[in-house]
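The structure under discussion appears below in the form of structure tokens.
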Amino acid sequence: MQGEHVVHRAKGTDRILDILEHLENVVEPVSRNALAKALDCPRSTIYSLVEQLVARDWLVVDDDGSISLGHRAGLLGLAYSRNARFEQVAREVVQRVAVETGVVTEINVADNWQQLVLISATGRSRNYLRTVEGSRYPLPITGSARLQLVDIPCETIRRNIPDEDFRLGSGGLLPFDRFCEEIEQAKRDGYFIARGLIEPYVGTAGTPILNRNHECVATLSIILPQADLDARQDELIDRLRRGAEELSSYLRAAVWSMGDRAHNHLFRDREALPDRLSD
């Protein structure tokens, strides 16, 4: 009986984590029924666990009955930020580059075969471009992916990125062979400039952040109107390289488990991975 109780508790804990991780990855509140379907879990179990999480302020229920993360989830993120030293250094670098360049600046990591905006800052320019930390994008429409996928076998990439992720902002499909060629180009150049991937007339530029094993665990990137990128390309790449080298130097003497795990997960199939990276 005691062993059965332990197993039951373990399954309940897994379900709670599944709920929290699913809500982290959705952009809008969800109903209990939708949550049960997404997690392939009995509705009675979901209803019971949601009630427990609401009572402890991990979830909140809207007027229409849909649920989303509560304030305790936000407090947990703040606690993580206070103790994550690399993220503190990285946020300072991102903010400085944003001020120096005047454009949106990000640190991106690959999470479960998607691009995750980990840190973002907006420069002084008054263009319409903005990003939100925690946003996720298909890898093929991001310039950063060309750097993060260096040395990942093409057959692994093809197996783990669905066809719909290759649809560009213009509506056209990016040929897979071209995607692989651009990864090789990024490897040779040590940076990557993309034009029109997310949407027409928008450009991005990125440089790799390398760990102690010289592996790309994240990228330092900027987003700006394509015309501005064309006019300032050399200057912008230089500033990005300096920022990325500062962060890479930090990682040569320190361990950043999130970044290492992000890189290592790219050698594994999507279906075998957990829903998100954790530190």
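Points worth noting:
- Qualifying positions in segment 137-158 - among the basic types (Lys, Arg) and loosely packed, with under 13 Cβ neighbours inside 10 Å: Arg158
- Residue check for Ala205: modelled with pLDDT under 95, hydrophobic (A, V, I, L, M, F, W, C) and either more than 16 Å from Ala145 (Cβ to Cβ) or touching a Ser or Thr at 6+ places or on another chain (Cβ under 8 Å) (or both): no
- Qualifying residue in segment 164-184 (condition: surrounded by 12 or more Cβ atoms within 10 Å (Cβ to Cβ), in contact (Cβ under 8 Å) with a residue 40 or more places away in the chain and over 14 Å from Ile223 (Cα atoms)): no
- Among residues of segment 212-221, those that are at pLDDT below 95 and surrounded by 21 or more Cβ atoms within 10 Å (Cβ to Cβ), counted: 0
- Across segment 16-34, the number of residues qualifying as touching a Leu at 6+ places or on another chain (Cβ under 8 Å) and under 17 Å from Asp62 (Cα atoms) comes to 5.
- The single residue among Ala79, Ala10, Ala55, Ala73 that is modelled with pLDDT of 90 or more and aliphatic (A, V, I, L, M) turns out to be Ala55.
- Residue in segment 259-279 that is farther than 27 Å from Glu21 by Cα and assigned to a helix (DSSP H, G or I) present: no
Residue-wise test of (1) over 19 Å from the mean Cα position of the chain (by Cα); (2) at pLDDT 90 or above.
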{"position": "Asp111", "(1), (2)": "no, yes"}
{"position": "Leu116", "(1), (2)": "no, yes"}
{"position": "Arg124", "(1), (2)": "yes, no"}
{"position": "Arg136", "(1), (2)": "no, yes"}
{"position": "Glu155", "(1), (2)": "yes, yes"}
{"position": "Pro162", "(1), (2)": "no, yes"}
{"position": "Leu168", "(1), (2)": "no, no"}
{"position": "Asp177", "(1), (2)": "yes, yes"}
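- Answer residue from segment 92-120, given it is farther than 19 Å from Trp256 by Cβ and among the aliphatic types (A, V, I, L, M) and is surrounded by the fewest Cβ atoms within 10 Å (Cβ to Cβ) among those: Val99
- Exactly one residue out of Gly190, Gly196, Gly243 is under 14 Å from Val97 (Cα atoms) and either under 22 Å from the mean Cα position of the chain (by Cα) or not assigned by TED's automatic domain parsing to the domain that holds Arg91 (or both), and it is Gly243.
The values are calculated or read from the model by the stated rules, or taken from the named source; none is laboratory data. Because the structure is predicted, anything quoted here is derived from the model rather than measured. Because the Cβ atoms are built from the backbone with ideal geometry, glycine has one as well, and the counts that use them run over all protein chains shown.
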